Amino acid sequence: MNLYGILKSAHSGWRYIVLILLVVALLQALAGWLGKKGYTEGNRKLNVFTLISAHIQFLFGLILYFLSPLTKGPSSEALYRYWKMEHIAIMLLAVILITVGNSKSKKITDGVAKHKAIAIFFGLALILIIGSIFMMVKNDPSRTLFGVS
């Protein structure tokens, strides 16, 4: 298997780690925010692991962006436009939201407000990621929703 194949497999598999961590962190933040709970060291660690996993995923994707034949086609075709412009822009925005949310939560002293910041920013990132997955399925006939036809 060549470097492109290895990175593509890593990027495809790592997405599940990112999604699971993001969903768990979001649910925990919502529970903390709405339940008016304190912010624990466990919350902080989960948020940092979510941040790190998203950055690793973005790094895999960025390398793939320059290696993939899907970014070399004409932008006038939906398939190539999605992979060349839309996917990377949406994912960059999602990673920025995760980073900003984590950073904002560090600067806040109140536990409930920390949970609120995480819930808002991580929630927006999750919405973007899920939206991008639906766009991918629509624009790339070879892809399915989470591997389900």
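Descriptive notes on the structure:
- Checked against a 29 Å cut-off, the cross-linked pairs LYS8/LYS106; LYS8/LYS116; LYS107/LYS138; LYS72/LYS138 give Cα-Cα distances beyond that limit for LYS8/LYS106; LYS8/LYS116; LYS107/LYS138.
- Nearest-20 debye value, region 3-139 charge dipole, Cβ charges on Lys, Arg, Asp, Glu: 280 debye
- Using the alpha-carbon positions of the chain, Rg (one decimal) and Dmax (whole number) come out as 16.7, 51 Å.
- Residues in region 68-75 carry Karplus couplings, in order, of 6, x, 6, 9, 9, x, x, 5 Hz; the curve used is 6.51 cos²θ - 1.76 cosθ + 1.60 with θ = phi - 60°, and Gly or Pro positions show x.
Only the coordinates and a few stated rules stand behind these numbers; no lab work does. All figures in this text were calculated on a predicted structure; none of them were measured in a lab. Reconstructed Cβ throughout: ideal geometry from the backbone, glycine too, with neighbour counts over all protein chains shown.
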